[in-house]
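Undergrad: Attaching a single structure in structure tokens format; questions to follow.
Just so you know, all these numbers are worked out from the coordinates, no wet-lab data involved. Quantities reported herein were computed from a predicted structural model and do not represent experimental measurements. Here the Cβ positions follow ideal geometry from the backbone for every residue, glycine too, while neighbour counts run over all protein chains shown.
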Amino acid sequence: MRYSLRQLEVFLATARYENITRAAAALAMSQSAASGSLRELESHFNVRLFDRLGKRLQLSELGQQLRPQAENLLEQARALEHALAGEDVIGRLHVGATLTIGNYIAVGMIADFHRLHPQADIVLRVANTEAIAELVARFELDMALIEGELQHPDLDIVHWRPDELVVFAAPDHPLAGKGALTDADLLALPWIVREHGSGTRQTFDRAMHGILTDLHIAMELQHTEAIKRAVEAGLGVGCLSQVCLVEAIKRGSLVPLPVQGRDFRREWFLITHREKFHSAGLRAWLALCTSQWAT
């Protein structure tokens, strides 16, 4: 074989960090050893895997094409190594989730997974839909659970479970207990909503079609808890997933506001890279997602 698995590890770490020093540190190598390994791989095949932009190393077109194959080859090599050693192959998984799922659903899923596979190590990354999808596309996450609708040529996107947004206010809000809100009511309200790029904002904007541009968006916040606190303080009304609001509505610090003629239903999705090797750990995690956590 004209290349080594170690060279592929250096190639992939450099692709992830776009910096040879950080790649070397992640692999517990010296910078000179990592640089030499990458240089040897390129010179042996007379190719350029990175475009060098100062200290930043950006994948070349060829490097982008080879990255999925290298990722899969290393995953299969690790699985083979564990199998040869007679070890359980469920190890570390890098899972992504958008904010609502990450803050209110994913921790329970991880607890269930640990009960089934005590040796497993789940690393959870939480961000909005756009950011999480990009990390899956770059192989920095094994898979992700997202709220927003998405189209991406490199990703498999599978329906997971339904959800619905709820409009809510502080209990002393003038419209609390009024009955179903009309479009005129919606237009008169100051709104505190998620930022663009989030799945929640995507659903909110779609639900408000026809009046969206005339709504008074008073604040855009990145975190659901911040939105809930702002609404509790009387700064406006919000619109978040029902799973975010269960406890607050139960204790009476927030109240739902029914809305007439607006559809706040949506779907959540599972995403993986089309070229991703499904290790035993990833298969087990996906099985958990699609069994007791699918509804």
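Undergrad: Once each part is reduced to its C-alpha centroid, what is the distance from the stretch 26-85 to the stretch 114-161 in angstrom?
TA: Taking the Cα centre of the stretch 114-161 as reference, the centre of the stretch 26-85 is 23 Å away.
Undergrad: Which order do the peptides 211-224, 26-39 take when ranked by the mean count of other beta-carbon atoms within 10 Å per residue, highest first? Numbers along the way, then the final one.
TA: On the way: 211-224: 13.4, 26-39: 15.8.
Going by the mean number of other Cβ atoms within 10 Å, highest first, we get 26-39, 211-224.
Undergrad: Short version: ³J(HN,Hα) in whole Hz for each residue of the stretch 144-154, in order, from phi by Karplus 6.51 cos²θ - 1.76 cosθ + 1.60 (θ = phi - 60°), x for Gly and Pro, what are they?
TA: 8, 10, 10, 9, x, 6, 8, 10, 8, x, 9
Undergrad: So, by mean Cβ neighbours within 10 angstrom, what's the order for 179-186, 131-138, 40-47, 97-104 with the highest one leading? Provide the component values of the computation, followed by the final result.
TA: Details: 179-186: 14.5, 131-138: 19.6, 40-47: 12.8, 97-104: 22.5.
Top to bottom by mean Cβ count within 10 Å: 97-104, 131-138, 179-186, 40-47.
Undergrad: With point charges of +1 on the Cβ of Lys and Arg and -1 on the Cβ of Asp and Glu, referenced to the Cα centre of the stretch 90-295, which listed residue (His216, Gln202, Tyr104) lies farthest in the positive direction of the dipole?
TA: Final value for the positive-end residue is Tyr104.
Undergrad: Once both labels are modelled 7 Å past Cα along the beta-carbon direction, what's the Val123-Arg283 spacing in nm?
TA: For Val123 paired with Arg283, the spin-label model returns 2.4 nm.
Undergrad: Next question, about the same structure. Using only the alpha carbons, work out the radius of gyration and Dmax of the stretch 137-295 in angstrom.
TA: According to the Cα coordinates of the stretch 137-295, Rg and Dmax are 17.8, 54 Å.
Undergrad: Please work out how much length the chain gains when fully extended from Glu130 to Leu116, using 0.36 nm per residue of separation minus the C-alpha to C-alpha distance, in nm with one decimal.
TA: Working: separation 14, 0.36 × 14 = 5.04 nm, distance 3.10 nm.
Going from the current span to full extension adds 1.9 nm.
Undergrad: Check the straight Cα-Cα distances from Lys178 and name the lysines below 30 Å, setting aside those fewer than 8 residues away within the same chain.
TA: Once the sequence-local lysines are set aside, what remains near Lys178 is Lys228, Lys250.
Undergrad: Then there is this: Report the gain in length on full extension from Arg2 to Arg251: 0.36 nm times residue separation, minus Cα-Cα distance, nm rounded to one decimal.
TA: Numbers: separation 249, 0.36 × 249 = 89.64 nm, distance 6.49 nm.
Value of the extension gain: 83.1 nm.
Undergrad: Over the Cα atoms of the chain, each weighted equally, I'd like the Debye log10 I(q)/I(0) at q = 0.14 Å⁻¹, rounded to two decimals.
TA: -1.03
Undergrad: Which FRET efficiency, nearest 0.05, do His152 and Glu232 yield, Cβ-Cβ r, R0 45 Å? Walk me through the numbers before you get to the answer.
TA: On the way: r = 37 Å, r/R0 = 0.81.
For His152 and Glu232, the calculated efficiency is 0.80.
Undergrad: Mind checking the full-extension length gain between Gln292 and Ile217? Use 0.36 nm per residue of separation minus the Cα-Cα distance, one decimal, nm.
TA: On the way: separation 75, 0.36 × 75 = 27.00 nm, distance 3.74 nm.
Extra length from Gln292 to Ile217 when fully extended: 23.3 nm.
Undergrad: Using the Cα centre as the reference, give the magnitude of the dipole from point charges on the C-beta atoms of the stretch 5-84 (Lys, Arg: +1; Asp, Glu: -1; all else neutral), rounded to the nearest 20 debye. The partial results should precede the final answer.
TA: Details: 10 positive and 9 negative charges, 60 e Å.
The calculation lands at about 280 debye.
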